Amino acid sequence: MIERVEQLRSKAEAEIAAAGSAEALQELRVRHLGRRAQLPQLLRGVAELPAEQRAAVGAAANQARHALEEMLERRAAELRSAELGSLLESDRVDVTLPGAPPQPIGRLHLLTATRRELEDIFLGLGFTVVEGPEVETVHYNFDALNHSPTHPARAPSDTFYVAPPAAAGRGEEDGASPGASGAASELVLRTHTSPMQVRVMESHPPPLYVVIPGRVYRPDSDATHTPQFHQIEGLAVDEDITLADLKGTLLAFARAVFGDAREVRLRPHFFPFTEPSVEVDVSCFNCEGRGFRADGARCHLCKGEGWLEVLGAGEVDPNVYAYVPTSERNAPGYDPERVQGFAWGLGVERIAMLKHGIPDLRLYYENDLRFLEQFG
Ligand code: DAH
């Protein structure tokens, strides 16, 4: 009897070892351990055996059954891991390959592309690009730029004031509105990139040729104003600088942006930190400065003027130099008897608007791909 058990066991073991799939194993399980299989039947018949054989045969058959069950489990696990291995092998993905089909890699936002284009023009003219903080002190944003204490731009309706961290905390506890402490705050979201003029002069000696691109903020929102926009400030300080240098620089800029045939004109204006101050116009590229199109229609871009206003500029007011203390870092310092300079501030949104015929500045910020995909 025991021999019979051993025969059944070794036959089953050989078959299990050779099984090549989960289905084959399942079939073997039924064949060798199922209700009608020989080994379980033999086990059930143990009770009818002569008493002296029962224990030994019962034990051998039980052992054989356990061994086969275990072996089935082991073989199933082996097959599962082999299957996974070959799946991984055949389904291997090389993540360094381009997608199939390759996805478009996207493009620069029109404002980023325009900013970089303008930066490149000024780099080519010998300027260096520097950046500054967007949360600015009233000192740099207004005072050091020669704004009178009552200058209207200081009003909370024209400038975003920022509550300093301590005041913000207190405001919350008191339940006071954040604006309540705003007017007295010494911090603002910079309203222009001009505050960097003084900061750069504090840390760099003359001669200085820098442009300062960056975000600026004002509480305005309509087709030609967004509460956040971008400017590029320019500042040149050296000996023997005149308004002619400013005009030459801006002429080179205007031609690089709007075409070789452009001219610039300076109109008198007022800014607190320049003297004289000018607004700078570029001859209209849409009508070649005539104000009318070839078909006689009034030019829609310059509204018949022949000129497009592009930026504000001027000669640095000597009062501004007085806000630049001489230190080790900027020695010999900014002595208005010795150095002069010019500065300008332009709006990146406005340049891109003119160049590409954008009807509404808010389009830049709505992230509508139908708009953005037209550029770049
Ligand atoms: N900061 C001025 C503004 O935002 C623009 C400006 C005008 C900047 C004249 C200048 C300048 O540097 O010289 O309106």
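Dimensions of the range 2-90 from C-alpha coordinates, computed as largest minus smallest value along each principal axis and given longest first, are 58, 19, 15 Å. Summing Cβ point charges (Lys, Arg +1; Asp, Glu -1) relative to the Cα centre of the chain gives a dipole of roughly 1780 debye.
With n ≥ 4 as the cut-off for DSSP H runs, can you work out [θ] at 222 nm for the chain, using -39500 (n - 2.57) per run divided by the number of residues, rounded to the nearest 500?
One gets -12000 deg cm²/dmol as the mean residue ellipticity at 222 nm.
Each peptide in 205-215, 35-45 was scored by the mean count of other Cβ atoms within 10 Å over its residues; highest first, the order is 205-215, 35-45. Once C-alpha pairs closer than 8 Å and six or more residues apart are averaged by separation and normalised to the residue number of the chain, the relative contact order reads 15 percent.
When a/c reaches 1.5 or more, the comparison of a/b and b/c decides; with that in mind, is the range 305-356 rounded, prolate or oblate per its Cα gyration tensor?
Numbers: a/c = 4.62, a/b = 2.65, b/c = 1.75.
Because a/c hits 1.5 or more and a/b exceeds b/c, the range 305-356 counts as prolate.
The angle separating the long axis of helix 110-124 from the principal Cα axis of greatest extent in the chain is about 60 degrees. Checking the a/c ratio against 1.5 first, then a/b against b/c, what shape does the Cα gyration tensor give for the chain? Because a/c hits 1.5 or more and a/b exceeds b/c, the chain counts as prolate. For Lys355, the solvent-accessible surface computed with a 1.4 Å probe is close to 70 Å², ligands and nucleic acids excluded. A DSSP coil position with no more than 16 other Cβ atoms inside 10 Å describes the following GluC sites (Glu not before Pro) in the range 199-275: Glu239, Glu263. For the range 2-90, averaging the sequence separation of C-alpha pairs within contact (under 8 Å, six or more residues apart) and dividing by the residue count gives a relative contact order of 38 percent.
If R0 equals 56 Å, the separation of the Cβ atoms of Ala294 and Glu239 corresponds to a calculated FRET efficiency of about 0.75.
The angle between the Cα long axis of helix 2-18 and the main principal axis of the chain comes to about 30°, on a 0 to 90 degree scale. Comparing Glu315, Glu48, Glu119 in a Gaussian network model of the chain (Cα springs below 10 Å), the most mobile by mean-square fluctuation is Glu48.
Note the full-extension length gain between Asp91 and His269 as 0.36 nm times their separation in residues minus their Cα-Cα distance, in nm to one decimal. Write down the numbers at each step before the final one.
Values: separation 178, 0.36 × 178 = 64.08 nm, distance 7.00 nm.
57.1 nm is the gain from fully extending Asp91 to His269.
For the chain, the longest principal axis of the alpha carbon atoms and the long axis of helix 243-258 meet at an angle near 40°.
The values are calculated or read from the model by the stated rules, or taken from the named source; none is laboratory data. All of these numbers come straight from a predicted model, not from anything done at the bench. Ideal geometry is used to build each Cβ from the backbone, glycine not excepted, and the neighbour counts take in all protein chains shown. Keep in mind that these areas ignore ligands, DNA and RNA; they rest on the heavy atoms of the full protein, side chains included. Shrake-Rupley method; radii C 1.70, N 1.55, O 1.52, S 1.80 Å.
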